Amino acid sequence: MTQGVSPYNRSTYRYTPILAWMLQPNITISPLFGKVLFVLFDVLSGYLIYVMLMSEKTGQDRSLQCAFMWLLNPLPIVVSCRGNAESIMSFLVLLSLRLFQQNRIILGAIVYALSVHVKIYPLTYCVALYLYYSRNNKEGGQRLTLQWIREKLRPSKENTTLVGVSLFTFVILTGTCYQRYGWNFLQETYLYHIVRRDIRHNFSVYFYMLYLTAGSPYAGIIGLAAFLPQLILIVVCSLKFHKDPPMAFFLNTFIFVTFNKVCTSQYFLWYLCLLPLVLPSLTMSISKGITLIVAWLLGQGIWLMPAYYLEFEGMNTFFWIWCAGLLFFLINIAVIASILDSYVYTPWGRGIQKQE
Amino acid sequence: MEVDLFMLVVLGTAITAAVSSSPNLYRTVRKNGFHRELFTKIFIPTSLIDAKCECLIEEQFPPGLYIDPYELKNYREKGGPQFDSPAVDIEKPKELSPNLVFIIYPQQFTAIGPEYVTNVTVPVHIRYHQPSSRYDTVQIQLKNPRLYLLCQVIDKSIQMNKKQFPCNSVDNNCLWTEIKYKTDVINIEFDVPVGSLHHQGSVISVTLAVTIVCCLYLSSKMLHTHVK
């Protein structure tokens, strides 16, 4: 990019040009600039967690503890130092939550649109966000009836601002990039990730099924069957937890990653950055929490063994990778279920209600 | 007696001539799995070529095999070989990939005894291959490469056609001469594990059953969570 050429000339560049633009000092100043930048965003994310928890009257000790759960977590540290830009995403998502917490809808919408522009997955939060800003609509009728849904969907003043500003920002960002880099930009930044059929082994429970059916005429239907549970759960989660956006975002992403067709360890960061925000709402004992964490890590370790033998020893361990994938999937389900069991709702944000 | 001695001398000369009359290529593959190392060693008798020769290897890779140009670029900065490579999509499976041609420039020849010797190690990677209902491994064949020299070839009998390639560290093209060589290896084989289509029925049904059941379980759990 420093030479005025498109970053998409590199075949593996699949992100927004804004990222390439930000990393130009890597060439002009030092190759370490990018890594330092990512570490900085990491630390800022921890700061945002602390500030948001303090705002919800969690108390300084607890807030610091939760912030440290992110700051001292080895996974984001390793990922940022390796040069992965995930910490920018966690920063953007946390920042947008902070702005919505303070009811600064316009700024929040801008940051939210920016986060969707950088990586698509925050798009899964849009239903929860919309419903959050219509949570004060009069609940006409019984829950989950058509009338209830219609009331919830009726746009309030905040909603119109939210949707309008987000769309506007997103269109400006995407339009500018498209104007400069053309179809390549759309293809590499978005379409690639949506249509991605990477059949190489990964944590996803669907890996072996998709690999075996890649050439079959039923591949389309099977892909759809793998997509529907994800969609249904995101909608249910948004409907149920929209009054507590950090919980809605966290669960949304955890479910999205667990049920995704491709799952690599980078994706875990997408919900790990939101976990500290949700912790104060969980009544789980520390020993139970640690058991769940250990089980979750063990699940990955058990998967890594046959995966290593396949990739580096050439042994045919496909069946065992599939079994380990199923096991890890079930462990994730158990973790989500335990979180749901121990969840206690408290109202969130400096919304319209509190101002009255 | 005289005839025997004469025969011995003729035989002796013939054998000496056979040993040192031709360039030789030795190839082997190291490591296992999807990431391997291709080791190539070239021997050329000093009588056949000039002292200051440079050589070039033209590899024709089948679709199932590839070199990662970014990896090679990093490797080059740590002492690896110069190379020339087309763009490579490292994520595609074999069925959606083309044959690729790679050019490798081994280091300068060293004179060892009556021969000039050089070697080069290149990391290569294997793509995913489609699953099979009959075998749990498939084979990839890598043909022997073409060898080219950039210098005066003294013995014209080993000379073949000439071709344009980039000179070593410069972008200009030079005219390289292909040479014949002898080798024990016809081609190199790589074993690739593949998925078993026998599993297809049970994998589809069990995977979808588990995911659908868990989806219903979590949905019902969420709907019953108390959120005022």
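The values are calculated or read from the model by the stated rules, or taken from the named source; none is laboratory data. All values derive from a computational prediction rather than experimental measurement. Neighbour counts are summed over all protein chains in view; Cβ atoms, including those assigned to glycine, are modelled from backbone coordinates with ideal geometry. The accessibility values were calculated without ligands, DNA or RNA, using every heavy atom of the protein model including side chains. Shrake-Rupley method; radii C 1.70, N 1.55, O 1.52, S 1.80 Å.
Tabulated results
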read-out: Most fluctuating residue given options B:GLN130, B:GLN200, B:GLN139, as computed from a GNM of chain B linking Cα atoms under 10 Å; value: B:GLN200
read-out: Qualifying trypsin sites (Lys or Arg not before Pro) in the stretch A:142-179, DSSP loop, other Cβ atoms within 10 Å at most 11; value: A:ARG143
read-out: Tilt relative to chain B, helix B:2-19 - C-alpha long axis, 0 to 90 degrees, to 10; value: 40 degrees
read-out: Sequence ranges A:22-30, A:167-175, ranked by mean other-Cβ count within 10 angstrom, highest first; value: A:167-175, A:22-30
read-out: For the stretch A:7-342, size of Cβ-based charge dipole, Lys and Arg +1, Asp and Glu -1, in debye; value: 720 debye
read-out: Charge-dipole axis of the stretch A:7-342 as Lys and Arg at +1 and Asp and Glu at -1 on Cβ define it, positive-most pick from A:PRO74, A:ILE18, A:LEU212; value: A:ILE18
read-out: Estimated FRET transfer efficiency (B:LEU5, B:LYS182; beta-carbon r; R0 35 Å; 0.05); value: 0.70
read-out: In sequence order, calculated HN-Hα J values of the stretch B:96-110 (Karplus, 6.51, -1.76, 1.60; Hz; x Gly/Pro); value: 10, 10, x, 5, 10, 10, 10, 10, 10, 10, x, 5, 4, 5, 10
read-out: Tally of Lys pairs whose C-alpha atoms are under 19 Å apart, taken over the stretch A:7-342, 8 or more apart or cross-chain; value: 10
read-out: Spatially proximal lysines relative to B:LYS143 (Cα-Cα < 22 Å; intrachain offsets below 8 disregarded); value: B:LYS31, B:LYS41, B:LYS92, B:LYS94, B:LYS162, B:LYS163, B:LYS180, B:LYS182
read-out: Cα gyration tensor, the stretch A:164-271 - rounded (a/c under 1.5), prolate or oblate; value: oblate
read-out: Span-like helix ranges in chain A, DSSP H, alpha carbon extent 27 angstrom or more, Kyte mean at least 0.5; value: A:33-55, A:219-241, A:286-313, A:318-341
read-out: Filtered trypsin sites (Lys or Arg not before Pro), the stretch B:114-195: DSSP coil and at most 16 other beta carbons within 10 Å; value: B:ARG134, B:LYS180
read-out: Helix B:200-224 vs. chain B, principal-axis angle (Cα, 0 to 90°, nearest 10); value: 40 degrees
read-out: Structure-based [θ]222 nm, chain A - -39500 (n - 2.57) summed over DSSP H runs of at least 4, per residue, nearest 500; value: -21500 deg cm²/dmol
read-out: Taking N as its residue count, the alpha carbon Rg of chain A over 2.2 N^0.38 Å; value: 1.03
read-out: Dipole in debye (nearest 20) - the protein assembly as shown, about Cα centre, beta carbon charges: Lys, Arg +1; Asp, Glu -1; value: 2300 debye
read-out: Chain B - Cys residues lacking any other Cys C-beta under 4.7 Å; value: B:CYS55, B:CYS214, B:CYS215
read-out: Listed residues A:THR317, A:THR145, A:SER55: farthest to the positive end of the dipole of the protein assembly as shown (Cβ charges); value: A:THR145
read-out: Positive-pole candidate from B:THR110, A:PRO155, A:ILE331, dipole of the protein assembly as shown, charges at beta carbon; value: A:PRO155
read-out: Cα gyration tensor shape of chain B, rounded if a/c is under 1.5, else prolate or oblate by comparing a/b with b/c; value: prolate
read-out: Area accessible to solvent at A:TYR308, 1.4 Å probe radius, in Å²; value: 110 Å²
read-out: Average beta carbon contacts from partner chains per residue of B:36-49, 10 Å cutoff; value: 0
read-out: Fluctuation leader among A:VAL235, A:VAL205, A:VAL344 - chain A, Gaussian network, Cα springs under 10 angstrom; value: A:VAL344
